[in-house]
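Structure first, then comments.
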């Protein structure tokens, strides 16, 4: 779908402050996204604006600065931490001669690199084609830089665009049918777990909060856990035996991020339903991140979008090894463990999480016995 960057390929980053109090944190996150995509950061352009420029988004002066930076840095790509209109993207590419990614395209690009399973690859391709279809316009010659998932390239000329649109539409329909079949299989597996009365738990959270590390620590698995955004995309489920007569199924899910593209949320709904159908969510937060409060809000926002916001949650404040915090837990007004401070990396405090899971299992078992009494 996308050509991978060559080793040493450089990107110029653009992040405009539209009266955003978290502007510095947004620039840091953009840098992490770009590095996770495999680019080197050539330079960063920042400025304050009240509203986007209609033609170049950043204004003609900053657009000319991009041209100068291109020569100085030998960058091949410009990455915006914002959503660009097709005309803005086209105008910047025409002016600079560089490939342009807006925030949605960059996240799609990273997802295309990370998807490993058959289902994950189908989901990413569907999201990419949905995004591409929305940007097909007359004279959209810069799409020649991005390969379509069906082996075609967008090109100039109305006839070519109509052909591309029709072929993309056919492929989108095919992908949705394939994902529908896989979703049915997932549904059967989830129903089987419910019939067995086994506690089902999903780990959710902002990307790079340490979800996969926590999953590995609990299950002794070795799924990929790197200090990168979206290191893993595919949902992994394992049985977890805690104490005699206490077992559960725990799942590691894809990480969330602010302004997660709608096309991705839609494409990954079948995977995200793993969280929707769970009995309990473990919401992992990087407690050392200065922007953690906003990240919690963003995760809750996506959980609401997939109708998982009413499920019971344990808030896990992870990575206490990075700051002076001790392992501990708090109970809510009902006596349930609702908040835990721990380090998934060192294992400090993991026993509190296991204790909480055993208590939830006991409560769920008693609740189900009451229903069938």
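Just to be sure, is residue 352 farther than 30 Å from residue 32 by Cα, assigned to a helix (DSSP H, G or I) and assigned by TED's automatic domain parsing to the domain that holds residue 257?
yes
Mind checking which residues of region 225-239 are in contact with a helix residue (DSSP H, G or I) (Cβ under 6 Å, 6 or more places away or on another chain) and modelled with pLDDT of 80 or more? Break it down stepwise before answering.
Of region 225-239, the ones in contact with a helix residue (DSSP H, G or I) (Cβ under 6 Å, 6 or more places away or on another chain) are 225, 228-230, 232-235, 238.
Answer for region 225-239, where residues must be in contact with a helix residue (DSSP H, G or I) (Cβ under 6 Å, 6 or more places away or on another chain) and modelled with pLDDT of 80 or more: just 238.
Assess whether residue 71 counts as being surrounded by fewer than 20 Cβ atoms within 10 Å (Cβ to Cβ), on the phi < 0 side of the Ramachandran plot and out of contact with any helix residue (DSSP H, G or I) (no Cβ under 7 Å at 6 or more places or on another chain).
Answer is yes for this residue.
Modelled with pLDDT of 95 or more, in contact with a strand residue (DSSP E or B) (Cβ under 9 Å, 6 or more places away or on another chain) and crowded, with 19+ Cβ neighbours inside 10 Å: which single residue out of 357, 303 fits that description?
357
For residues that are buried (at least 22 other Cβ atoms within 10 Å of the Cβ) and either farther than 16 Å from residue 204 by Cβ or more than 13 Å from the chain's Cα centre (by Cα) (or both), scanning just region 264-278, find the one that is modelled with the highest pLDDT.
Checking each candidate, the answer is 278.
Among (1) out of contact with any strand residue (DSSP E or B) (no Cβ under 6 Å at 6 or more places or on another chain); (2) modelled with pLDDT of 95 or more, where does residue 85 come up short?
Status for residue 85: all satisfied but (2).
How many residues are at pLDDT 90 or above and out of contact with any helix residue (DSSP H, G or I) (no Cβ under 9 Å at 6 or more places or on another chain) if we restrict to region 146-180?
Count: 4.
The values are calculated or read from the model by the stated rules, or taken from the named source; none is laboratory data. Just so it is clear, the model here is predicted, and its values are computed rather than measured. Methodologically, a virtual Cβ is constructed for each residue, glycine included, from the backbone with ideal geometry; neighbour enumeration extends over all protein chains shown.
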